[in-house]
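S.K.: Here it is: the structure, laid out below.
The values are calculated or read from the model by the stated rules, or taken from the named source; none is laboratory data. Fair warning: this is a prediction, and the values are worked out from it, not measured in the lab. A quick note on method: Cβ atoms are made from the backbone with ideal geometry, for glycine too, and the neighbour counts reach across all protein chains shown. Side chains are part of the model used for accessible areas, which takes the heavy atoms of the whole protein and leaves out ligands, DNA and RNA. Shrake-Rupley method; radii C 1.70, N 1.55, O 1.52, S 1.80 Å.
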Amino acid sequence: MTDAVSVRRAQVASGLVPLDAQVLLAHVLDVPRAWLAAHASDTLRAQAADAFFELARRRRDGEPVAYLTGVREFWGLSLRVTADVLIPRPETETLVELSLSLIPAAASANILDLGTGSGAIALSLAHERPQARVTGVDISAVALAVARDNARRLAIGNADFLSSDWFAGLGDGRFDLIVANPPYVGSADPHLQDGDVRFEPRVALSPGGDGLTALRAIIAGARAHLVAGGHLVVEHGYDQSAAVQALFRDAGFGGISIRNDLAGIARVVAGSSPA
Ligand code: GLN
């Protein structure tokens, strides 16, 4: 089985499993999951039982656990998620890791996150680099509301969120680092019909066509918004690494590097703007 196929198999899984049942019950009771084992014979109040059955039914019918509980951990942060935003993925932590390696801990860097969604990437970078100023943009007003809510709940004060269609709303501001996890799934990819993905905003997953439209726009536009020597870091699809590296070269980026995700799939490309 190829990596791509095994990843697809893992993502197809959907429906109620015992772990989900525990997570949903702990959510309904507002207790940590470990509490359940210590109270295994407690009787549920009727209201709690009803709320649990309702969530269990929705999970059985395919809704993602993160949308049912409204939370997902990412880079150690507990983020609120709604069906208006993509559920943060573990592979996106690879992008955060590489991005942090490009920004010295004490640097007062200006960072831009394109297509911020829940704010997962922007808030992780802002949290790890308190001296930095992070701007997260999204075309979706409802996504921006989720990102702002996350910043407020996590008390992260060095991240701002604003409405922009990629670079369109940014004026001529320049950044030391631009990051993006844009929609990159091709419109014919059967993965879009699988499991949890069916419930996520299509606009956050797929730009249509071959899946590279958004990456092309971002990579082509980034240099005009980077300082000399600034970095661009993007996440891409499981089979897009070579195409994305070529786009970086065509746009004049140097120092191109790539990173694999935890499943060993090339997932992130970084490059720097000529000094
Ligand atoms: N990695 C996600 C998926 O395969 C896609 C995320 C994206 O398009 N940026 O479901």
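S.K.: Here is a list: Val234, Val203. Which entry is among the hydrophobic types (A, V, I, L, M, F, W, C), surrounded by fewer than 18 Cβ atoms within 10 Å (Cβ to Cβ) and under 19 Å from the mean Cα position of the chain (by Cα)?
M.R.: Val203
S.K.: When the residues of the range 237-251 are narrowed to those that are open to solvent by less than 20 Å² (accessible area, probe 1.4 Å) and away from the ligand (no atom under 12 Å from the Cβ), which ends up farthest from Val137 (Cα to Cα)?
M.R.: The residue in question is Ser241.
S.K.: I've got another one for you. Mind listing just one residue for me: the one in the range 160-195 that is hydrophobic (A, V, I, L, M, F, W, C) and touching a Ser or Thr at 6+ places or on another chain (Cβ under 8 Å) and, of those, nearest to the ligand (Cβ to nearest atom)?
M.R.: Ranking the candidates gives Val185 first.
S.K.: Read through the list (1) under 22 Å from Val268 (Cα atoms); (2) without any contact (Cβ under 8 Å) to a residue 24 or more places away in the chain; (3) aliphatic (A, V, I, L, M); (4) more than 16 Å from the ligand (Cβ to nearest atom), then give the number of the only condition that Val227 fails.
M.R.: Tallying (1) under 22 Å from Val268 (Cα atoms); (2) without any contact (Cβ under 8 Å) to a residue 24 or more places away in the chain; (3) aliphatic (A, V, I, L, M); (4) more than 16 Å from the ligand (Cβ to nearest atom), Val227 fails exactly one: (2).
S.K.: Quick one: count up the residues across the range 126-141 that are of a type in the set (Asp, Glu) and within 18 Å of Leu77 (Cα to Cα).
M.R.: 1
S.K.: Right, Arg198: closer than 30 Å to Arg60 by Cβ, surrounded by fewer than 19 Cβ atoms within 10 Å (Cβ to Cβ) and either within 16 Å of the ligand (Cβ to nearest atom) or not hydroxyl-bearing (Ser, Thr, Tyr) (or both) or not?
M.R.: It is true that Arg198 is closer than 30 Å to Arg60 by Cβ, surrounded by fewer than 19 Cβ atoms within 10 Å (Cβ to Cβ) and either within 16 Å of the ligand (Cβ to nearest atom) or not hydroxyl-bearing (Ser, Thr, Tyr) (or both).
S.K.: Quick one: Val134 ticks every box in (1) in a strand (DSSP E or B); (2) touching a Ser or Thr at 6+ places or on another chain (Cβ under 7 Å); (3) not polar (S, T, N, Q) except a single one, so which number is it?
M.R.: Against the list (1) in a strand (DSSP E or B); (2) touching a Ser or Thr at 6+ places or on another chain (Cβ under 7 Å); (3) not polar (S, T, N, Q), Val134 comes up short only on (2).
S.K.: Restricting attention to the range 67-88, which residues are within 13 Å of the ligand (Cβ to nearest atom) and more than 20 Å from Ile111 (Cβ to Cβ)?
M.R.: Across the range 67-88, the qualifying residue is only Ile87.
S.K.: Of the residues in the range 185-214, how many are without any contact (Cβ under 8 Å) to a residue 60 or more places away in the chain and part of a loop (DSSP other than H, G, I, E, B)?
M.R.: Residues in the range 185-214 being without any contact (Cβ under 8 Å) to a residue 60 or more places away in the chain and part of a loop (DSSP other than H, G, I, E, B): 12 in total.
S.K.: Can you tell which of Asp165, Asp176 is open to solvent by 20 Å² or more (accessible area, probe 1.4 Å), under 25 Å from Ala270 (Cβ atoms) and in a loop (DSSP other than H, G, I, E, B)?
M.R.: Just a single option satisfies the conditions, and that option is Asp165.
S.K.: Follow-up. Within the range 22-124, considering only helices (runs of 4 or more DSSP H) that don't extend past its boundaries, which have at least 2 residues that are open to solvent by 50 Å² or more (accessible area, probe 1.4 Å)?
M.R.: In the range 22-124, the matching helices (runs of 4 or more DSSP H) lie at 33-38, 46-60, 92-102.
S.K.: With the structure loaded, tell me whether Leu144 is assigned to a helix (DSSP H, G or I) and among the aliphatic types (A, V, I, L, M) or whether it fails that test.
M.R.: yes
S.K.: Can you say whether Gly252 is free of Cβ contacts under 8 Å to residues at least 40 places away in the same chain and farther than 16 Å from Tyr184 by Cα, as far as the supplied structure shows?
M.R.: So Gly252 passes the test.
S.K.: Same structure, new question: Do you know which of the residues in the range 142-159 that are more than 14 Å from Leu112 (Cβ to Cβ) and touching a helix residue (DSSP H, G or I) at 6+ places or on another chain (Cβ under 9 Å) is farthest from the ligand (Cβ to nearest atom)?
M.R.: If we take residues in the range 142-159 being more than 14 Å from Leu112 (Cβ to Cβ) and touching a helix residue (DSSP H, G or I) at 6+ places or on another chain (Cβ under 9 Å), then Gly157 is farthest from the ligand (Cβ to nearest atom).
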